[in-house]
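Bear in mind these aren't lab numbers, they're just calculated from the coordinates by the rules spelled out. Since this is a predicted model, take the numbers as computed values, not measurements. Don't worry about glycine lacking a Cβ; one is built from the backbone with ideal geometry, like all the others, and counts go over all protein chains shown.
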There are 2 protein chains.
Amino acid sequence: MKKRITFKPGSLKTYVSEGETILDAALGAGIHINSSCGGQGLCGKCKVFIEEGEIVSEPSDKISDEDYKKGVRLACNSRIFSDCIIKIPVESRVPDKILIEKQTLTKGERKIAELETRSFVRIWCFNPPIIKVFLKLDPPTVTDNKNDLSRLLRKLNDLYLIRNVSIDVSCLRILPTVLREAEWNITVTLEKIYLDYDLGVSAVETDRIYKIIEIEPGNTFKNQYIVALDIGTTTICGQLLDMFSGRVVAEAATYNKQMECCGDDVITRIVFATTPGGRKKLQQEVIVSVNEIINELVKKSGTSKDHIVYIASAGNTTMTHLLLGLESRYIREAPYVPSASFFPPIKASELGIDVRDNVTIRNFPAVASYVGGDVVAGVLGSGIFQRKKLTLFIDIGTNGEIVLGNSEWLVCAACSMGPAFEGGGILHGMRADVGAIEGFRINPVTLEPMMITIGKARPRGICGSGLISLLAELLYSSIIDRQGKFVRDLNTKRVRQSDTGYEYVVAWAEHTDIGKDIIITEGDIENLIRAKGALFAGCITLLESVGFSLEEVDHIFIAGAFGRYINLEKAKLIGLLPDIPLEKFSFIGNGSLMGARLASFSQDMFREGGRISSMMTNIELSDSPTFMNNYVASLFLPHTNADLFPEVSKKLLESEKITKKERGLGE
Amino acid sequence: MKKRITFKPGSLKTYVSEGETILDAALGAGIHINSSCGGQGLCGKCKVFIEEGEIVSEPSDKISDEDYKKGVRLACNSRIFSDCIIKIPVESRVPDKILIEKQTLTKGERKIAELETRSFVRIWCFNPPIIKVFLKLDPPTVTDNKNDLSRLLRKLNDLYLIRNVSIDVSCLRILPTVLREAEWNITVTLEKIYLDYDLGVSAVETDRIYKIIEIEPGNTFKNQYIVALDIGTTTICGQLLDMFSGRVVAEAATYNKQMECCGDDVITRIVFATTPGGRKKLQQEVIVSVNEIINELVKKSGTSKDHIVYIASAGNTTMTHLLLGLESRYIREAPYVPSASFFPPIKASELGIDVRDNVTIRNFPAVASYVGGDVVAGVLGSGIFQRKKLTLFIDIGTNGEIVLGNSEWLVCAACSMGPAFEGGGILHGMRADVGAIEGFRINPVTLEPMMITIGKARPRGICGSGLISLLAELLYSSIIDRQGKFVRDLNTKRVRQSDTGYEYVVAWAEHTDIGKDIIITEGDIENLIRAKGALFAGCITLLESVGFSLEEVDHIFIAGAFGRYINLEKAKLIGLLPDIPLEKFSFIGNGSLMGARLASFSQDMFREGGRISSMMTNIELSDSPTFMNNYVASLFLPHTNADLFPEVSKKLLESEKITKKERGLGE
């Protein structure tokens, strides 16, 4: 049940889930409430006044008994259990005029793809790569003494019109015994054999070819699970799909163990792979992580590993190489040539994955060294390949991967954004982990911040979505200018000069978990501008390469686990994402996993993945002069060419005008 | 260079190879020369007189100096080096009139398939299951930085129109390194993937699907060998086929090691396989034998095991089960159901065969429990499936396997002949080994024998072909009657009565290697009659089952390593083979190996094997009343129904008449 909150002064209403804190609700609604401790109830700055409604608050020494009786509470530790009216105290208030398009800055966040089992693909049918079939065979007689296998195949043909069936020798070895012990009632697991490889067009009706990979006594028809995996450089995510019910029954995620020993990014890992034993070690580490995921999935769902019949996996090109033990050296050496873009299926047990011997693992095809199977899976999940209109797909991470096209053609590019938006190279940057500031606002008058951390813990640093918010708010509040430089002589202690230059204090030491001020420096801001500039320049270059402009883009899909926490308006404000209407954006979350899941439910979709990989033209940006020009032009907030950001520019101009006036600097 | 020999008296001429002994030449030409010691020069009975020609003889104390000067020699140790004229002494001579159709009794022997690389198939094209291709790839550039595998596949398509190619992960792992070390010149081994399984008709154009199973630096195009195997219950034969030249470059044979530990026949082995660890042990033993064969083939041909790219194998149903480690128990239990009739391909190394990891071993499909892949391969090699006219295929062994049909239809049956013709259950029966009497004649007047042993050693026993000869000669010389009983009161010491009944002394103790008389008893003869009766009854039953008679048979193929040593006329005389003209018979030798070889050269032919297996209808004889009637009628020499053996009966009547006259018993 959603609860309605009315914020006063004004009458902004928003709807939140029962139990949500007032601070969260305000952040979501675009209401500023001062707060410095990330929502821990320590700074006591987020006081609000409850006019009406059922609110449950934790006790706090920041509120006097007298105030408490008046209805004063800390927004961060007060949870909403009914419709309510909340008054924002004067010290938190932002002048109404500055609240331009109040809601728009955050409303993008509400579009997060909630249902992970859903994809954006319009047309697909349930046609998994594995089927289980229960069969009652006729026992042989003197007049019908065909061999066991022929009896089995005959029944498959008679009942299901399944022909062209081969069998794994290991199954044939047990067949006679299982048949007789189970009194001729068995369940057969059939794998559909794919044959369409690299060259795309296949002369073969692949649906017609099967291999028996398991024979079980009795009816085990209901026990068939597929594991869908997203093998990320940092994180490995898995889902257990119940092929009988067609549902996701468990989810799990873990860090890629390769990080502990072999470096944080793909380049370091490729280098590690060239050391003696390195390739083997990297493979072992990722397999340990995969086995962890599988164990957790099985545990959560209460099933058995023996019921896993297939694994579908998607990962970037390097991760797929390392998983399969392929040579990755040439991915990072010009002209950036991977071993393969299509990867042959392999028995998972041969890689060390702890499932039944006959379980196949199949990896999504890649496009190029830096456009991998994760992007192909994402493109699949997003359904671009079925859309007639021009669509842009953006996967934000250390590499920004961009795909542009429709059902007829697809071009793609990877641009090295660097790790800034993942917290790398930023003084107080950090991963999206407990204590990371993820939501952030600045009161443009007092220049005081409002923040929320992951886990509502004391702030430890700033994660990617927090950095986007922070940068946008600094700009929007005219604390920095469009080149990312701090405005001098502002009436706040938060902007100060240190040995290394100007900086803004995000959180004072007393409110942080790290015992010192959390700051953002001009150097940090430069790094962020370079990162967002690379991504935007990539988009523009890709568009230009096929003769299109931003206005012609019908829809943008934002993928990546990180992507789903981005505040769209703020991302547009800093020029990270194109300035096109919000309704043209969709978050698809972990697109890689979405694609792997889709391919598990439908082998046609896996084949579409192959087609997508084949049809995608990779544009190499690293040596492109066009890209370099676009990149340089993007090193500005939002961009040197204001025409590319019409709405954002208008908004910024207006806010600058108001701010100047407020600060007494106006005309 | 063949040499001409003229035998006197008379003027029978025959042609033999240089260096052949006179005894061999005489036996081949149907000339009787007394001899008792198997050709060792011990009995001194085979004296002949050299009238003309260059003959090299070993010295012998059986010939006086005086005789030597006159030109007297032992036929068994005198070798022919020029055209010559040989006079047979009076004591060896057979009355002219008894030499009816002198040559016909032996001329069948000359029809042995001499060239093992030849088959009887009329139409087939070279289309091996493996091809090697040398490729010069284009190194990647910035403008063409497709991945390594795609570059390889692109070249395969451009040069050879080879599409739909998959790759073994192990090859993909080494691909980048091999490519660069070999400066982009590599040889690729492609395996054609078969997809047509049990149900016969395939919707798939199988020729179009390939898998890369080996990547080698440089040009190794010429190094491609296939091993063709015949896995027999007793003997394993192999050939090494050079796929570059299209020739057989080496042959080898060895005993199946299963014999040593696990019994002589398939039934004993199946029983052994049901004991704990038995199945594993049997598999290991046959693999040891296969590895021996491969080592020998490689050694003989001077190549390397690494150049073997494929193994094609044919064996009876039980042998194939044991090779693959399948459950064989139900083969021998009614209703005689094997695990499978089609066997999936498997990596040879998984079975323990010592070749490269990616080498596939493929077994010929079987038809039923007692009609195996060896018969299918034989039928393939014989080309029956391409013949329009009615053809009979007979594989003689412990089991007689019979196939009847043409290009439209095929029926088959197995009849248990028992081991008699392999020397089993015969007092002095033995395998075709050194010292085994293989050629045999009796002088119908003196009743003295002429014999040749394998290896020209002192006789140790009688092998299959010797037993056929012996039985035929006993009958033809009226030493036994048509029921196989000894004629009483003959004027010879060789027929005598012992505790167990009448018997004929084939070789006196003094001439044998075993220190006692080699004899054949009435009991032995009964066993032989039962064996030949079973085979002949099988043929007749099979013919009757489809409404044909013997006269309608256009051709008969005799298969089996044993088959090629059979004297056709003698086999007809005793009723083992049908009484149809000699020119309708062909020996195909080891049909199983011939089929395996053919399938190695042509994957279409392997698929024909699959079609043959599918189209063959197996007639179960063991419980058939028709078969039992036919069997009982066949327990006579040659048969109770003389009309079935018109020529043979005429010949026997004539010889009986003459013999009676000679013995003074005539009208």
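Using a cutoff of 8 angstrom between alpha carbon atoms and counting only pairs six or more residues apart, the relative contact order for chain A works out to 15 percent. Among the GluC sites (Glu not before Pro) found in the stretch A:323-359, those both in a DSSP coil and sparsely packed, with 10 or fewer other Cβ atoms within 10 Å of their Cβ, are A:E333.
The string of couplings for the stretch B:138-149 from the Karplus curve (6.51, -1.76, 1.60, θ = phi - 60°) is 8, x, x, 10, 4, 7, 9, 10, 4, 5, 4, 5 Hz, one whole number per residue in order, with x for Gly and Pro. Copy-to-copy label distances for A:K388, where each label lies 7 Å from Cα along Cα-to-Cβ, are 6.0 nm in order of increasing length. Dipole magnitude for the stretch B:290-359: computed about the Cα centre from +1 point charges on Lys and Arg Cβ and -1 point charges on Asp and Glu Cβ, it is near 120 debye. The dipole here belongs to the stretch A:436-555: it is taken about the Cα centre, uses +1 on the Cβ of Lys and Arg and -1 on the Cβ of Asp and Glu, and is about 460 debye. Modelled label positions at A:E51 and B:E66, each set 7 Å beyond Cα in the direction of Cβ, lie 15.4 nm from each other.
Rounded to the nearest whole Hz, the Karplus-based 3J(HN,Hα) values (6.51 cos²θ - 1.76 cosθ + 1.60, θ = phi - 60°) of the stretch A:294-308 follow the sequence 5, 4, 5, 4, 5, 5, 4, 8, x, 9, 10, 4, 5, 8, 7, with x at glycine and proline. Remark on B:G232: its backbone amide H falls under 5 Å from those of B:C237, a criterion applied only to residues 5 or more positions apart or on other chains, H modelled at 1.01 Å from N.
Spin-label model, A:N295/B:K661: points 7 Å from Cα along the beta carbon direction are separated by 9.8 nm. Put a dot 7 Å past the Cα of A:I267, heading toward its Cβ, do the same for B:D481, and the two dots end up 10.5 nm apart. Using only Cα atoms, tell me the angle between helix A:373-382 and the longest principal axis of chain A; keep it within 0 to 90° and round to the nearest 10. Computed tilt is about 80 degrees. Basic side chains Lys and Arg get +1 at the Cβ, acidic Asp and Glu get -1 at the Cβ, and with that the dipole of the protein assembly as shown about its Cα centre reaches some 500 debye. Computed from backbone phi, the HN-Hα couplings of the stretch B:628-644 come to 4, 4, 4, 5, 4, 5, 8, 7, 7, 10, x, 5, 5, 9, 4, 4, 6 Hz, rounded to whole numbers (Karplus: 6.51 cos²θ - 1.76 cosθ + 1.60, θ = phi - 60°; Gly and Pro given as x).
Under the shape rule built on the C-alpha gyration tensor, where the axes satisfy a ≥ b ≥ c, the stretch B:400-528 is prolate, since a/c reaches at least 1.5 and a/b is greater than b/c. Across the identical copies, the 7 Å label point of A:T177, projected outward along Cα→Cβ, sits 4.0 nm from its counterparts, in ascending order.
In the structure shown, the pairs A:K257/A:K280; B:K132/B:K155; A:K192/B:K155; A:K485/A:K661; A:K532/A:K657; B:K45/B:K70 are assessed against 19 Å; a Cα-Cα span above that value is assigned to A:K192/B:K155; A:K485/A:K661; A:K532/A:K657.
Name the shape class, rounded, prolate or oblate, that the alpha-carbon gyration tensor gives for the stretch A:187-341, where a ≥ b ≥ c are the square roots of its eigenvalues, rounded holds for a/c under 1.5, and otherwise prolate holds if a/b is larger than b/c and oblate otherwise. Oblate, since a/c reaches 1.5 and b/c is not below a/b. Restricting the calculation to Cα atoms, the protein assembly as shown shows an Rg/Rh of 1.19 when the hydrodynamic-style radius is the Kirkwood one. Across peptide A:339-351, the mean count of Cβ atoms from other chains lying within 10 Å of each residue's own Cβ comes to 5. Note: relative contact order over the stretch A:374-413, using C-alpha pairs below 8 Å and six or more positions apart, is 34 percent. When the pairs A:K8/A:K660; B:K8/B:K456; B:K62/B:K456; A:K388/A:K584 are compared against a 19 Å limit on Cα-Cα distance, A:K8/A:K660; B:K8/B:K456 fall above it. Paramagnetic label reach from B:E544 (point 7 Å along Cα→Cβ; backbone nitrogen cut-off under 19 Å): within the stretch B:313-345, no residues. Under 16 Å of direct C-alpha separation, and excluding same-chain neighbours fewer than eight residues apart, A:K299 reaches these aspartates and glutamates: A:D242, A:E251, A:D354. In this structure, the amide hydrogen of B:E52, modeled 1.01 Å from its nitrogen in the peptide plane, lies closer than 5 angstrom to those of B:I85, counting only residues at least 5 positions away or on a different chain. Take B:E526, push a point 7 Å out from Cα through the beta-carbon direction, and compare it with the same point in every other copy: 11.0 nm, smallest first. Ordering B:Y370, B:T360, B:L390 by Cα displacement along the dipole of the stretch B:354-397 toward the positive end leaves B:L390 in first place; charges were set at the Cβ atoms of Lys, Arg (+1) and Asp, Glu (-1).
Need one word for chain A: rounded, prolate or oblate. Basis is the Cα gyration tensor (sqrt eigenvalues a ≥ b ≥ c); a/c below 1.5 gives rounded, then a/b vs b/c decides. Prolate. Plainly put, the stretch A:511-604 has a radius of gyration that is 1.09 times its Kirkwood radius, both from alpha-carbon atoms, as the Rg/Rh ratio. Database remark: amide H of B:I167 closer than 5 angstrom to the amide H of B:I212 (H placed geometrically; neighbours at sequence offset of 5 or more, or on other chains; Pro and chain starts carry no H). Bridging of B:K146 to aspartates and glutamates at a Cα separation below 12 Å is possible for A:D198, A:E620, B:D138, once same-chain residues fewer than 8 apart are set aside.
Only bridges whose two residues both fall in chain A count here: according to DSSP, what percent of them are antiparallel, nearest 5? Once the DSSP bridges in chain A are tallied, antiparallel ones form about 70 percent.
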